[in-house]
1. For segment 23-42, what are the residues that are within 23 Å of K65 (Cβ to Cβ) and open to solvent by less than 90 Å² (accessible area, probe 1.4 Å)?
2. Can you report the number of residues in segment 1-53 which are assigned to a loop (DSSP other than H, G, I, E, B) and of a type outside the set (S, T, N, Q)?
3. Could you tell me whether A7 is within 16 Å of the chain's Cα centre (by Cα) and at pLDDT below 80?
4. When only residues in segment 55-87 that are more than 21 Å from the chain's Cα centre (by Cα) and either at pLDDT 75 or above or not basic (K, R) (or both) count, which is most open to solvent (accessible area, probe 1.4 Å)?
Amino acid sequence: RSESGRAISKPWTKQEDDALLDGVKRRGEGNWAQIRADNLAVLKDRNTTEILHRFDKISGKRAAKWKAKTASLQRKTTAAGSLKRKRWTDDEVNAVWEGVRKFGTQWT
């Protein structure tokens, strides 16, 4: 452990990677505890979370998930060009402040 008390992760070996990939072929993704149990001699120093994260990394799924998440966020935050990007008018500012006076700052 480090001085801060966090566990220090050691690099993954080729033997661990091979055991993980073989386990996924036999048991399928998501069965991390069973994959670990089947390969306990090799994966004894790894927990299921580490196994999941390693699989994401070596399979390329982490990059795919990040790309999908980024695209989804872009779709949610882009109103297809319908947003007006200009200064608010006095009427718009007053309408917002009227809403704050009437409903407060917690609108959801």
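1. Here is the first cut: in segment 23-42, the ones within 23 Å of K65 (Cβ to Cβ) are 23-25, 27-36.
Within segment 23-42, G23, V24, G28, G30, N31, W32, A33, Q34, I35, R36 meet the criteria.
2. Of all residues in segment 1-53, those assigned to a loop (DSSP other than H, G, I, E, B) come to 1-13, 28-31, 39, 44-47.
Next, only the ones that are of a type outside the set (S, T, N, Q) stay: 1, 3, 5-8, 10-12, 28-30, 44-46.
The qualifying residues number 15.
3. Values: within 16 Å of the chain's Cα centre (by Cα): no; at pLDDT below 80: yes.
Answer is no for this residue.
4. Of segment 55-87, the ones more than 21 Å from the chain's Cα centre (by Cα) are 78-87.
Subsequent filtering for residues that are either at pLDDT 75 or above or not basic (K, R) (or both) retains 78-83, 86-87.
On the way: T78: 85, A79: 40, A80: 97, G81: 73, S82: 84, L83: 92, K86: 128, R87: 208 Å².
My answer is R87.
The values are calculated or read from the model by the stated rules, or taken from the named source; none is laboratory data. Keep in mind that this is a model prediction, so the values were computed, not measured. Ideal geometry is used to build each Cβ from the backbone, glycine not excepted, and the neighbour counts take in all protein chains shown. These accessible areas exclude ligands, DNA and RNA; they are computed on the full protein's heavy atoms, side chains included. Shrake-Rupley method; radii C 1.70, N 1.55, O 1.52, S 1.80 Å.
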